[in-house]
Amino acid sequence: MKILYLETSSRNCSVAISDDENLLCLCEEVSENYKQSKSLHTFVEWALEGAGISMKDIEAVSLGKGPGSYTGLRIGAASAKGFCYGLKIPLIAVNSLESMIEPFLGQNYDYVIPFVDARRMEVYTAIYDGTTGEETSPTVAKILDESSFQELKDKKIIFVGDGAKKAKEILQLPNAEFNEDIYPSSQYLIKKTLQKIKDKELEDIAYFEPFYLKDFHGVKIKKS
C-alpha cells in the first residue's frame, strides 16, 4: 500500500512516501520562517518523483495532526483533505508528538518527552515510555517552572524538540538529557499509520480538524 505522509505542524515542512513500511522518499526542510504554504506541494511533487510513482498511485494520506503551529496545521489539513477527496482515498491522522520520539525508543531511556515550543515558557508535551513508545501521560499545553517533572527526577529521561532549549535552562533534573534539534517528521508517521489502518482508525474527511490543543489567538490590528 503506497501512502503519502504530510507533517506541517512545525518549522519542518516534511513529506514522505512509503510502500507499506518501506520508506520510498523523504523531502523535508527546517526553516526559521514557516514555509508550508510555499513548499508543501513542491515537496509532494519531489517525493512522488523520487519514489518513481504518480499521485494516482497513492492509496492513503497520513497527516501529522498536531499539536503545533495553527497555520501550519491548517495548510496540512487542507492539502490532505484535498488529496483524499480528489483520489477517493482514506485519511489517517497521527499525533505529531509521536513522530518525535521514535528515534529515541529502545535507547535505555525510562521516558522520552517531546517538547514543542508554544511561546513563552509553555510547551506542548506528553510522556512516552522509552521502551515501548506507549503514551503514559496525555498531550497537554504545559507551562514550565522549576518544579515541572520533579516526580521523574530519579528516572533517565530525554526531552526532545525545539522547546527543550528553554526547558534545559529551568528544569531541575540531573539525570535528564536535552535534544533541541528534533522536529516532527513525516518519515516517523509510518508505523503508527499502518497500525491505524489495520485497526480501521480512519478519519471522517468532511469533519476532520487538526489537534490544535489551544484556541487560535490572532493579532488585532489597530485602525489608523
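If I compute solvent accessible area with a 1.4 Å probe over the protein chains, what percent of it on segment 97-179 is carbon and sulfur? Before the final figure, lay out each step's value.
Details: 1710 of 4170 Å².
Whole-percent figure for carbon plus sulfur exposure: 41.
Using only the heavy atoms of the protein chains and a 1.4 Å probe, how would Y85, Y70 rank by accessible area, largest first? Provide the component values of the computation, followed by the final result.
Working: Y85 130, Y70 80 Å².
Largest to smallest exposure gives the sequence Y85, Y70.
Need one value: the accessible area of R74 in square angstrom, 1.4 angstrom probe, rounded to the nearest 10.
110
On a 24 Å Cα-Cα criterion, which of the cross-link pairs K35/K156; K81/K192; K65/K214; K81/K191; K155/K196 come out too long?
Details: K35/K156 36 Å; K81/K192 19 Å; K65/K214 13 Å; K81/K191 21 Å; K155/K196 31 Å.
Checking Cα-Cα distances, K35/K156; K155/K196 exceed 24 Å.
Counting DSSP beta bridges in segment 1-158, what percent are antiparallel, to the nearest 5?
Values: 25 of 35 bridges.
Of those bridges, close to 70 percent are antiparallel.
Can you give the extra length, in nm with one decimal, that the chain gains between E49 and E32 once fully stretched, where that is 0.36 nm per residue apart less the Cα-Cα distance?
Working: separation 17, 0.36 × 17 = 6.12 nm, distance 2.65 nm.
Residue separation times 0.36 nm, minus the Cα-Cα distance, leaves 3.5 nm.
Given the options F115, T139, Q172, identify the residue whose Cα lies farthest towards the positive end of the charge dipole of segment 97-179 (+1 on Cβ of Lys, Arg; -1 on Cβ of Asp, Glu).
Result: Q172, furthest along the dipole toward the positive end.
Quick check on segment 97-179: of the DSSP beta bridges with both residues there, what percent are antiparallel, nearest 5%? It would help to have the intermediate numbers written out before the result.
On the way: 11 of 19 bridges.
That works out to approximately 60 percent antiparallel.
May I ask you to rank D162, D145 by accessible area, largest first, using a 1.4 Å probe over the protein chains only? Can you show the working numbers first?
On the way: D162 35, D145 65 Å².
I get D145, D162, largest accessible area first.
Take E151 and L213, extend 7 Å from each Cα along the Cα→Cβ direction, and tell me the distance between the two endpoints in nm.
So the label points at E151 and L213 sit 1.8 nm apart.
In whole Hz and in residue order, list the ³J(HN,Hα) couplings for segment 87-99 that follow from phi through the Karplus curve 6.51 cos²θ - 1.76 cosθ + 1.60, θ = phi - 60°; x for Gly and Pro.
Couplings: 9, 6, 10, x, 10, 10, 10, 10, 4, 4, 4, 5, 7 Hz.
Once you have the Cα-Cα distance between T71 and K56, take 0.36 nm times their residue separation minus that, and quote the gain in nm to one decimal.
Numbers: separation 15, 0.36 × 15 = 5.40 nm, distance 2.75 nm.
Additional length available on full extension: 2.7 nm.
Suppose only helical runs count, i.e. DSSP H with n ≥ 4. What mean residue ellipticity at 222 nm does that imply for the chain under -39500 (n - 2.57) per run, divided by all residues and rounded to the nearest 500 deg cm²/dmol? Mind showing how you got there, number by number?
On the way: 5 runs with 54 residues, N = 224.
So the calculated ellipticity at 222 nm is -7500 deg cm²/dmol.
To the nearest Å, what is the center-to-center distance of segment 36-106 and segment 153-186, using C-alpha atoms only?
26
Specify the residue with the greatest mean-square fluctuation among S14, S186, S37, computed from a Gaussian network of the chain linking alpha-carbon atoms under 10 Å apart.
Of S14, S186, S37, the most mobile in the Gaussian network model is S37.
Quick query: amide H of F211 versus all other amide H atoms, modeled in the peptide plane; which residues come in under 5 Å with a sequence gap of 5 or more or a different chain?
G66
At q = 0.10 Å⁻¹, what log₁₀ I(q)/I(0) does the chain have when each alpha carbon counts as one equal point scatterer in the Debye sum?
-0.45
Got a sec to turn the phi values of segment 107-118 into Karplus ³J(HN,Hα) couplings, 6.51 cos²θ - 1.76 cosθ + 1.60 with θ = phi - 60°, whole Hz, x for Gly and Pro?
10, 6, 8, 5, 9, 10, 10, x, 10, 9, 4, 10
Can you work out the accessible area per residue across the chain, with the rest of the protein chains kept in place, probe 1.4 Å, in square angstrom? It would help to have the intermediate numbers written out before the result.
Working: 11870 Å² over 224 residues.
Accessible area per residue, the chain: 53 Å².
So, in nm, how far is label D181 from label I143 when the simple model puts each one 7 Å beyond its Cα toward the Cβ?
Here the modelled spin labels are 3.3 nm apart.
At a probe radius of 1.4 Å, what is the per-residue accessible area of L48, in Å² to the nearest 10?
20
Rank these residues by their accessible area, most exposed first, probe 1.4 Å: F83, F178. Walk me through the numbers before you get to the answer.
On the way: F83 35, F178 55 Å².
So, going from the largest accessible area down, we get F178, F83.
The values are calculated or read from the model by the stated rules, or taken from the named source; none is laboratory data. All values derive from a computational prediction rather than experimental measurement. Heads up, the Cβs are rebuilt from the backbone with ideal geometry, glycines too, and the neighbour counts pull from every protein chain shown. Areas reflect the complete protein model, heavy atoms only, side chains present, ligands, DNA and RNA absent. Shrake-Rupley method; radii C 1.70, N 1.55, O 1.52, S 1.80 Å.
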